[in-house]
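A short worksheet on the structure shown next.
The values are calculated or read from the model by the stated rules, or taken from the named source; none is laboratory data. All of these numbers come straight from a predicted model, not from anything done at the bench. FYI the Cβ positions are ideal-geometry reconstructions off the backbone, even for glycines, and counts take in every protein chain you see. Only protein heavy atoms, including side chains, enter the accessible area calculation; ligands, DNA and RNA are left aside. Shrake-Rupley method; radii C 1.70, N 1.55, O 1.52, S 1.80 Å.
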Amino acid sequence: MNIYQEIIAAKQSRQKLFAILIDPEKMPLTKVFDFIKLVNQSIATHIFVGGSTDKDKKIAPLVTEIKKYTTLPVILFPGHSNQVTPEADGVLFLSLISGRNPEYLIEQQIDSALAIQRSNLEVIPTGYILLDGGKETSVQKVSQTNPISQTSYELILRTALAGQFSGKQLIYLEAGSGATEAVRPDIISLVSKNINIPLIVGGGIQNRQQLDIAYNAGANMVVIGTAFEKDLTFFNELKQLSTTSIYRQDRLEMTSKKLER
Ligand code: 1GP
């Protein structure tokens, strides 16, 4: 099974997925081993790597270092075409469909197309929807697009449906990294009930309670980055969950074999 088939299988069996987002600008290579050890012991099912910027071009060595210590799928979550690197397992091929900036609707995608073709990356077309998370976030600044208000239910729904109808395989509801208000449960519920592709939710989720709220509202995968940057003890809250990935046990065994080598 490839990465997307695993996500679909998890959706069908109502198992919840959890991605830890690693920002290349905030993760020194020297800290990767200890961090990934905690990731391996947590409920994480996926590792996302990417950020709004990667000024020092650290993403390739970072992905290589991460993959030394885990068998969890490492998926690029690129803020720019120059963050596409063949060392990862897959790439969220993002279109910022909440925005009206052609640069992030198609231009960046064209810029990265040949590099993706030459790689073995699994490409997952993703409709990326930026919602108002209570403060101006990096996505908004970098993309120069406005987030959709979380009271604009119909617009959010129409945007998600338009993403699905144009062939996206995932919808990602994003409140923005470090958002003061995460995506509201009623929005998650509205979108998840109306689309038939998996739903990812991220931005501003900082504790187990918010995580469970997002799952209960219908998120198939939740992404958290900032909470781990702020405080590694957050991993303590995420050691066990009844709804872990179906491949979790296999993956753990594969990981320990890999580390033994
Ligand atoms: C950002 O959705 C991700 O793109 C994660 O957000 O950093 O706020 O967890 P946080």
**Q.** Selection count, region 13-68, where residues are part of a helix (DSSP H, G or I), among the basic types (Lys, Arg) and farther than 18 Å from residue 121 by Cα
**A.** 2
(Q) Which condition from (1) surrounded by fewer than 22 Cβ atoms within 10 Å (Cβ to Cβ); (2) on the phi < 0 side of the Ramachandran plot is the one that residue 88 breaks? (A) (1)
Q | Residue within region 105-114 that is out of contact with any Cys (no Cβ under 9 Å at 6 or more places or on another chain), within 14 Å of the ligand (Cβ to nearest atom) and not polar (S, T, N, Q) present | A | no
Q. Modelled with pLDDT of 95 or more, under 20 Å from residue 200 (Cα atoms) and open to solvent by 10 Å² or more (accessible area, probe 1.4 Å): does that describe residue 38?
A. no
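Out of all the residues in region 79-98, which are in a loop (DSSP other than H, G, I, E, B) and of a type in the set (S, T, N, Q)? Before the answer, list the steps.
Keep residues of region 79-98 that are in a loop (DSSP other than H, G, I, E, B), which gives 79-80, 84-89, 97-98.
Of everything in region 79-98, those that are in a loop (DSSP other than H, G, I, E, B) and of a type in the set (S, T, N, Q) turn out to be 85, 98.
If you scan region 187-198, which residues turn out to be out of contact with any Phe, Trp or Tyr (no Cβ under 8 Å at 6 or more places or on another chain) and more than 16 Å from residue 170 (Cβ to Cβ)?
Once the filter is applied, which keeps residues that are out of contact with any Phe, Trp or Tyr (no Cβ under 8 Å at 6 or more places or on another chain) and more than 16 Å from residue 170 (Cβ to Cβ), region 187-198 yields 189, 193.
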Q) Which residue out of 237, 229, 174 is within 12 Å of the ligand (Cβ to nearest atom) and open to solvent by 30 Å² or more (accessible area, probe 1.4 Å)? A) 229
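From the set of residues in region 192-226 that are β-branched (Val, Ile, Thr) and over 17 Å from the mean Cα position of the chain (by Cα), which is most open to solvent (accessible area, probe 1.4 Å)?
My answer is 213.
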**Q.** Residues of region 177-196 satisfying the condition of being of a type in the set (Ser, Thr, Tyr) and within 13 Å of the ligand (Cβ to nearest atom)
**A.** 177, 180
Q: Being in contact (Cβ under 8 Å) with a residue 24 or more places away in the chain and in contact with a Pro (Cβ under 9 Å, 6 or more places away or on another chain) narrows it down to one of 116, 97, so name that one.
A: 116
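Would you mind finding the one in 186, 111, 132 that is within 17 Å of residue 214 (Cα to Cα), open to solvent by 60 Å² or more (accessible area, probe 1.4 Å) and out of contact with any Pro (no Cβ under 9 Å at 6 or more places or on another chain)?
186
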